[in-house]
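The values are calculated or read from the model by the stated rules, or taken from the named source; none is laboratory data. In this text, all values refer to a predicted model and were calculated from it rather than measured experimentally. Virtual Cβ from ideal backbone geometry, glycine too; neighbours counted across all protein chains shown. Heads up: the accessible areas ignore ligands, DNA and RNA and are worked out on the full protein's heavy atoms, side chains in. Shrake-Rupley method; radii C 1.70, N 1.55, O 1.52, S 1.80 Å.
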Amino acid sequence: MEQVFTLTFLTGLLAAMMRMATPIIFGTLGEILAERSGVLNLGIEGIMLMGAMTGFLTTLSTGSLWLGVAAAAFTGIILSLLMALLAVWLGLSQHVSGIGITLFSTGLAMFIYRLAVGSPTNPPTVQPFTRTAVPLLSSIPVIGEAFFTQYSLVYIAFLLIPAVWVLLYRTSWGLSIRTVGENPFAADTVGINVNLVRTLCLAAGGALMGIGGAFLTLAHQNMFLIDVVGGRGWISIAMVIFGNWDPVRGAAGALIFGFLDALQLRLQGLGFNVPFHLFLIIPYLMTLLALVTMSRKASAPAGLLKPYRREEKG
């Protein structure tokens, strides 16, 4: 028990928090872009799984990690464009379309993976990303090793948080996105192409979701497994609500989840005489409690879940 109060334990915990939070940050930012434009993308779980699979297979066949990341982003874009076709241009139910994308992507990912590698006793692996130390900052005691000796994708995820915030709140593009999400009729009146904005937001968000999936197979692990995403897509949707559709608050929620997930893993290793399943549920239980608490104050974009048709404009 004394190990919990050491600097080594704290440093390792904070470093693991950053890694655990990274795929959820990618997913949360991608979902925020989609929902801010008025589209709930429930295909996120499947998109992250397909991103994890295509990123892994691309790296396995080419040896290039960054080409794997690019393939995962491209996969996310393609699947999100399919979501846009169904939910934006055809006006089908966003719930049904999103769940359909997840079910389709899950089956397709396993099919392609088995087609490519078969069913070996030992799953194939790749050489994953290595941690990169930021000069000077990495030498700071405790936080240097935890925050500034990480994978490249971790740095990218955290740099995207202020970037998405600036995009949404300090640019004309962001104003268009928020207007489309709140009042598509008013947006159309001032010349904004509602369906195009929603499609582009879905595509950009899908790219981030795909990269979040690739992080799991190219950095966090070095292999693909069918349960590699492990519900992180659904957690990302919860973080969007927790953060009230704000990228900074949503990322903060992802960090809290990452901290709890990292903590339960370390508590398991301390030898407590309790079933490990109790530790596993800690981050999910706390997420559920936080979601129930914060959802009462949540204010979703007014146009969320509402397909737009020009002829309906009054």
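Each of PHE259, GLY243, LEU85 was scored by the projection of its Cα onto the charge dipole of the chain, and the greatest displacement toward the positive side belongs to LEU85; charges sit on the C-beta of Lys, Arg, Asp and Glu.
How big is the charge dipole of the chain about its Cα centre, in debye rounded to the nearest 20, if each Lys and Arg gets +1 on its Cβ and each Asp and Glu gets -1 on its Cβ? All intermediate terms of the calculation are to be shown ahead of the outcome.
On the way: 16 positive and 12 negative charges, 70 e Å.
The dipole magnitude comes to about 340 debye.
Residues in the range 154-181, backbone N under 20 Å from the label point at LEU196 (7 Å along the Cα-to-beta-carbon vector): list them, ranges by number please. Flagged as within label range: 168, 171-181. The residue among PRO283, SER152, GLY30 whose Cα reaches farthest toward the positive pole of the charge dipole of the chain, with charges on the beta-carbon of Lys, Arg, Asp and Glu, is GLY30. Estimated at 0.36 nm per residue, the fully extended path between VAL292 and VAL248 surpasses their Cα-Cα distance by 13.9 nm. Note on PHE74: accessible area approximately 130 square angstrom, rounded to 10, probe 1.4 Å, nucleic acids and ligands left out. A simple rule links phi to the HN-Hα coupling: the Karplus curve 6.51 cos²θ - 1.76 cosθ + 1.60 with θ = phi - 60°, which for the range 32-47 gives 4, 4, 5, 6, 4, 8, x, 10, 8, 9, 7, x, 4, 4, x, 5 Hz, with x for Gly and Pro. In this rough spin-label picture, where each label sits 7 Å from Cα along the Cβ direction, the LEU7-ILE281 distance is 3.8 nm.
Heavy-atom accessible area, probed at 1.4 angstrom with all protein chains present, ranks GLU182, GLU35, GLU45 as GLU182, GLU45, GLU35, highest first.
Considering only SER61, LEU218, ALA302, and ranking their Cα positions along the charge dipole of the chain that arises from unit charges at the beta-carbon of Lys, Arg, Asp and Glu, the one farthest toward the positive end is ALA302.
Phi angles of the range 63-68 translate, via the Karplus equation with coefficients 6.51, -1.76, 1.60 and θ = phi - 60°, into HN-Hα couplings of x, 9, 5, 5, 5, x Hz per residue; Gly and Pro are given as x. Near the amide H of ALA133, within less than 5 Å, lie no amide hydrogens of residues on another chain or at least 5 residues away, with H placed in the peptide plane.
For a Förster distance of 30 Å, can you work out the FRET efficiency between the beta-carbons of TRP89 and SER172, rounded to the nearest 0.05?
Given R0 = 30 Å and the Cβ-Cβ separation, E is 0.80.
Note on ILE143 and SER64: the extension gain reaches 25.4 nm, defined as 0.36 nm multiplied by sequence separation minus the Cα-Cα distance.
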